[in-house]
Amino acid sequence: MLEKFKGSFWKRSPAVVVAGGILVVAVVAGTVLLLTKGNSKADASIQPVAARIDQIDGSVGIARVKADDQELDWTEANVNMPVTVGDRIYSRDLANASIALTGRNYVRLNPNTTLDVLTLTPHRTQLALRGGSGLFDVGALSGDDFFEVATPCGAVDFREPGLYQIGMDGDNAIISVLSGAAQVVGLGGSGYVSKGEVYTLFAQAAAEAAAATLAPDAAGEIVDGYYRHRYPRIYDGRYRNYDAYLADPYFYDPYRTSVSYQYLPVDVPGLYDLDYYGDWIDVSGYGHCWAPRVSTGWAPFRNGYWDLDDLWGPSWVSYEPWGWAPYHYGRWAFISQRWYWVPVEVRTNPVYCPAPVAFIPFQDQIAWVPLGPGEVYVARYYDEGLRPRFLASREVINVVSVRNTFVNFDAPGGVTVVPVRSLASVIQPSALSTVDLRAVREARSVIDPFSVAGVRELALRREDARRRLKLTRIDNEDFRRPVVTSNTPEDFRVRSDIGKALRVESVPENQRKNKLKVEQTGVVSSLRADGLPLPTSVGSQRRNELASRAEQGDKSARRELRQMMRQEQRQSGQPGGQSPATGQPPDQSRKEMRQQRRAEQQQQQSAQQEQTRQQRKVERQLQRQSTQQAQQDQMRQQRRAEQQRQQSAQQDAARRAQQQHQQQQMRQQRRVERQQPPRQPQQPQTRQQRKEQKRKPPDDSAQLRQLRQRQRARQQEASRQAQAGWQREQVTPQRRVELQRQAAMIQQQQAVRVQESGRQQRQAARAQAAQREAMVQQQAARARESQRQALIQQQEARAQAPNRAARAPAPQQFSGQQVQQSRDQRKAEKAQRKHPQ
């Protein structure tokens, strides 16, 4: 009844529809909350959460770790692909990947970097970095939130919002705090890293760390590279100056500049893209809704593919650059001949949804309809056997399962229908099926799409539109390294064995309380190619500094150096007058230390030179690739130009040959016309014939028939002469076919000319007939005008007759003899005219 009520209710006025939609949302949401209380506490605590792959440069792979998987199923990552608990991301050579955890928390991975998602909830985030390096932009962190990055050497807990860099340098972890504050927790204890500092956390067995100050130029270079990649449209390079960044680190924060963040919570990723690809419009009853700038006939959920291996069910991955928030939050509605994204639910409860659609199977096909405002989506997750676990009560599930009427059924493009097997390929408008919507209406929707025959098999066989990747043995080495966390990841009921599968170890409580031994090592100004600082090893830089000061006569440095040597001697058990490493006197040991210091400096310089050479090598490779690409493009353009020239030359040759052939045919036609007997002169028309011709238009059918007969005779003569010429020339069969084709073409052209000539003659005859008709009408008009003038004259004469009669003289009187003489005279003249002499 609820669906029937909504189906009839939607046909009313827009204002009533809006109010009804909001009422239905409130009622259904309240029903879900009340009925969910009857479920277990574990189910009630589970809330679907997913991060977004925001940017990709190069080849980036993603895999979902499962307990029974012997080998990971790596696929090519795409923008707008969801990332959730148990997912593993790997940015390969010369590749970068950016992940939007929320609207304010962001991760950027440098090349050759691995990242695992251990925990992902609204208030708890735990990631694992096993190799490479990355930047972590924490824009929002409340007192109850927990954000941690685990490494093989220890864990890094972010205590304040800020920008952090974490990377692996061999077996050591390097933590840089550009802004904010962090706590480092290792097996040897814990310590705090302040703004502008760099920590080197050694391997798990070590109990000490090295702290250094990050040079402003190096820090500015790291911050500049991050913001240049994060905001390529608006970044102006101001953070190259590290002091400018510290003065205002939130200058580019989307919460301050983006229009979309004014209408929706900042927890939703992808809102920043909506400003560039659509418009916010105030829709009556719904508030501000977003409309994409798309072409006519566009509809949602029609440009992308279905990810059938997602934890939360089939997830829609859009190929549209803005296709994250509108496809995983809120609802869609067709209003005023336009599709709108209606984020009513997002303002009150922004919950992630893999695909807010209703699946409708029928026959061997499957359809989906975007859910409209007020229509409920039942959240769920799937175990490794693809068995659903619904996050709602049985009553709510029963209500939603029986619905078969949806708001967007009648919207243009609202129903998308494809064969079931097409779920394993990219969905495009050209792949859609055209069916009678009445058949779709008669079918019933399902809340579990894997219950449809064929869909479950596609998911179990891992057949979908994702492109597979094959990683080498070297690429997989970092994935086998265990990582250390400060707190055990929460027991996620959906994947309870995720910690074991990802090789996670936690620091014991008693060790976590210890204080980490930290030694200051000076200032770091060198960076790797990926932006990671290069601090010196612990103790070596301090010894080098003390030895240099001792040589200059600094007694305090000499005493500290002797104390450091005695401490090393006590640890090694050697006599007091000998070096613990060599057993030689202190003076000789100092010489060796100076030599060691020089060797370390040379080694560091050689490492920097090697790094510079590698960087130059990469640049040369890139330049070579770009040069080769430019050469290939130039060669393709030359080949294309040469093909065009050849085609134009062939066309010109064919045109000249056709012209020559036409000229030859015209010469033959004139020769045939000269050989024909002369026409007989026409007999002059009689007066009666001319009169008949004036009365009716001439019949040109006889002339046309004669003209066609003459043309046919000319064509036959031309064909006969051509055949005789072929026989005389003994042409080849190919040439004969070509000549026949040309003769047929000429005949066709001649037939066209004959038709055109006949048409012109008919037009001329019609024009003559019309001219004659016009002349006849003019003559009749003149005759009528003359008659009218004569009538007028007669009337005037009658009117003047009495006056003339009064003025006229009296009639002359003739005698009878005179009358008789006049008659005889007229008879004689008449006889003379008849019989002249």
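The values are calculated or read from the model by the stated rules, or taken from the named source; none is laboratory data. Predicted, not measured: the structure shown is a model, and the values here were computed from it. Cβ coordinates were reconstructed from backbone atoms using ideal geometry, including for glycine residues, and neighbour counts include every protein chain displayed. Surface areas here come from the heavy atoms of the whole protein model, side chains and all, with no ligands, DNA or RNA. Shrake-Rupley method; radii C 1.70, N 1.55, O 1.52, S 1.80 Å.
Using a 7 Å offset from the Cα along the Cα-to-Cβ direction at both ALA641 and SER822, what is the distance between the two label points in nm, to one decimal?
Result for the modelled spin labels: 11.2 nm.
With an 8 Å cut-off on Cα pairs and a minimum separation of 6 or more residues, tell me the relative contact order of the range 137-192 in percent.
The normalised contact order for the range 137-192 reaches 32 percent.
Please compute the modelled spin-label separation between GLU785 and GLN511, points set 7 Å along Cα→Cβ, answer in nm with one decimal.
About 12.5 nm, to one decimal.
Keeping every protein chain present and rolling a 1.4 Å probe, give me the accessible area per residue for the range 744-801 in Å².
Each residue of the range 744-801 exposes 77 Å² on average to a 1.4 Å probe.
Please list, ordered by chain and number, the residues whose modelled amide H lies under 5 Å from the amide H of VAL85; skip anything fewer than 5 residues away on the same chain.
none
Can you give me the C-alpha center-to-center distance between the range 170-197 and the range 45-96, rounded to a whole angstrom?
A separation of 26 Å, based on Cα centres.
Roll a 1.4 angstrom probe over the protein heavy atoms and tell me the percent of accessible area of the range 297-373 that is carbon or sulfur.
Here carbon and sulfur together make up 45 percent of the probe-accessible area.
Given a Förster radius of 60 Å and the C-beta distance between PHE362 and GLN749 as r, what FRET efficiency does 1/(1 + (r/R0)^6) yield to the nearest 0.05?
0.55
Can you give the extra length, in nm with one decimal, that the chain gains between ASP633 and LYS195 once fully stretched, where that is 0.36 nm per residue apart less the Cα-Cα distance?
152.8 nm
Please work out the average accessible area per residue across the range 61-209, using the 1.4 Å probe convention, and give it in Å².
26 Å²
What number comes out for accessible area per residue over the range 380-430 if the probe is 1.4 Å? Units Å², please.
Accessible area per residue, the range 380-430: 43 Å².
Does the range 429-470 classify as rounded, prolate or oblate by the C-alpha gyration tensor (a ≥ b ≥ c root eigenvalues; a/c under 1.5 gives rounded; else a/b over b/c gives prolate, otherwise oblate)?
Here the range 429-470 falls in the oblate category.
Taking the simple approach of a point 7 Å from Cα along Cα-to-Cβ for both TYR231 and GLN609, what is their distance in nm?
So the label points at TYR231 and GLN609 sit 4.2 nm apart.
Where does the range 118-250 land on Rg(C-alpha)/(2.2 N^0.38 Å)?
Against the empirical 2.2 N^0.38 Å value, I get 1.04 for the range 118-250.
Checking a compactness column here: for the range 326-483, what do you get for Rg(Cα) / (2.2 N^0.38 Å), N being the number of residues?
The reported ratio for this selection is 1.21.
Pull out the extension gain between GLN706 and LYS470, defined as 0.36 nm times the separation in residues minus the alpha carbon to alpha carbon distance; nm, one decimal.
Between GLN706 and LYS470, full extension yields 76.8 nm more.
Leaving out ligands, DNA and RNA but keeping every protein chain, what accessible area does TYR255 have, in Å² rounded to the nearest 10, with a 1.4 Å probe?
For TYR255, solvent-accessible area is about 130 Å².
Could you give the length gained on full extension between GLN794 and ASP253, defined as 0.36 nm per residue of separation minus the Cα-Cα distance, in nm?
Result for the pair: 184.0 nm of gain on full extension.
Which of the residue pairs LYS470/LYS500; LYS195/LYS517; LYS513/LYS555; LYS195/LYS515 have a Cα-Cα distance greater than 27 Å in the structure shown?
LYS513/LYS555
Residues of the range 739-768 with amide nitrogen under 19 Å from the 7 Å Cα-to-Cβ point of VAL776?
Within reach of a label on VAL776, which here means backbone N under 19 Å from a point 7 Å along Cα→Cβ, the range 739-768 contributes 763-768.
Ignoring any ligand, DNA or RNA, what whole percent of the accessible area of the range 130-248 comes from carbon and sulfur when the probe is 1.4 angstrom?
44 percent
Suppose the Debye formula is applied to equal point scatterers at every Cα of the range 62-119; what is log10 I(q)/I(0) at q = 0.14, 0.19, 0.26 Å⁻¹?
-0.39, -0.71, -1.24
Per 5 Å bin, what is the whole-percent P(r) computed from every C-alpha pair distance within the range 309-381?
3, 14, 24, 26, 19, 9, 3, 1
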